[in-house]
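The values are calculated or read from the model by the stated rules, or taken from the named source; none is laboratory data. As the structure is a computational prediction, the values presented were derived from the model and not from experiment. Ideal geometry is used to build each Cβ from the backbone, glycine not excepted, and the neighbour counts take in all protein chains shown. We work out accessible area using only protein heavy atoms, side chains counted, and drop any ligands, DNA or RNA first. Shrake-Rupley method; radii C 1.70, N 1.55, O 1.52, S 1.80 Å.
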Amino acid sequence: MSTRIAFLRAINLGARRKFPRDDVVAAVEGAGFTGVLTHLNTGNVRLETSMRSAARIEAALEAAFLADRGFEVPTLVLTPDELREVDAAATAIEHDGHHYVALLRERPAPEALAALQARAGEGERVVLGGRAVHLLVGADGVHGTRLSNNLVEKVLGTVATTRNPTVLRTLVERWC
């Protein structure tokens, strides 16, 4: 059995996408995974599995979530080493504004990354670090930038879900 960390995209945002933690745990366990833990109510899930393929784990989780909730829940899965790599990159980046980490299902092609970097506004940066892009924006945070999770997915062509570095650091400390 090996540990994996799953990140669910766009749950508990508004009245229509409710997915309480206890229900997430039940759905993950119902899909055959063990050792299930959650952190916060934003779709951070630790699990144990004998499956090796991230794509198979993601597919199993997404099918379980769709069956349970009746709506799609895009999910991406990282190994503890991959999460540590993302966290190390976040820790190494110096920035005075807000720092968001868009975790990626797949590493982006260089030309796609360049296209996303070109969309950054003045004083903003997009930095690749592990299976994530680090969105470094100004003091207004998400309210003052065009660098949204939706834009990341559109330009990079992969599932993405955004967390802040503090949450990722906590997950590394607890689960890795």
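Overview of results
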{"quantity": "Kirkwood hydrodynamic radius of segment 1-87, Cα pairs, Å", "calculated": "12.8 Å"}
{"quantity": "From the coordinates shown, semi-axes √(5λ) of the Cα gyration tensor in Å corresponds to which of (i) 31, 19, 14; (ii) 28, 21, 18; (iii) 27, 17, 15", "calculated": "(iii)"}
{"quantity": "Mean accessible surface per residue for the chain, computed with a 1.4 Å probe while every protein chain stays in place, in Å²", "calculated": "49 Å²"}
{"quantity": "Distance between modelled label sites at residue 55 and residue 41, nm, 7 Å Cα→Cβ extension", "calculated": "3.6 nm"}
{"quantity": "Segment residue 79-residue 16, length gained on full extension (0.36 nm per residue, minus Cα span)", "calculated": "19.7 nm"}
{"quantity": "Acute angle (nearest 10 degrees) that the helix 80-92 long axis makes with the longest principal axis of the chain, alpha-carbon atoms", "calculated": "20 degrees"}
{"quantity": "FRET efficiency estimate (nearest 0.05) - Cβ-Cβ, residue 115 to residue 67, R0 30 angstrom", "calculated": "0.25"}
{"quantity": "Cα gyration tensor shape of segment 45-110, rounded if a/c is under 1.5, else prolate or oblate by comparing a/b with b/c", "calculated": "prolate"}
{"quantity": "Check: the chain dipole with +1 on Lys, Arg Cβ and -1 on Asp, Glu Cβ, in debye", "calculated": "280 debye"}
{"quantity": "Euclidean distance between Cα centres, segment 1-21 to segment 74-114, Å", "calculated": "18 Å"}
{"quantity": "Angle in degrees between helix 21-30 and the longest Cα principal axis of the chain, rounded to the nearest 10", "calculated": "60 degrees"}
{"quantity": "Mean ellipticity per residue at 222 nm, deg cm²/dmol - from DSSP H runs of n ≥ 4 across the chain, formula -39500 (n - 2.57)", "calculated": "-11500 deg cm²/dmol"}
{"quantity": "Sequence-distant residues sharing a close amide H with residue 138 (under 5 Å, placed H)", "calculated": "98"}
{"quantity": "Surface share of carbon and sulfur [accessible, 1.4 angstrom probe, percent] for the chain", "calculated": "49 percent"}
{"quantity": "Loop-located GluC sites (Glu not before Pro) in segment 1-73 whose Cβ has at most 16 other Cβ within 10 Å (DSSP)", "calculated": "72"}
{"quantity": "Charge-dipole axis of segment 1-108 as Lys and Arg at +1 and Asp and Glu at -1 on Cβ define it, positive-most pick from 71, 54, 93", "calculated": "71"}
{"quantity": "Amide proton proximity set for residue 128, modelled H, under 5 Å, gap of 5+", "calculated": "134"}
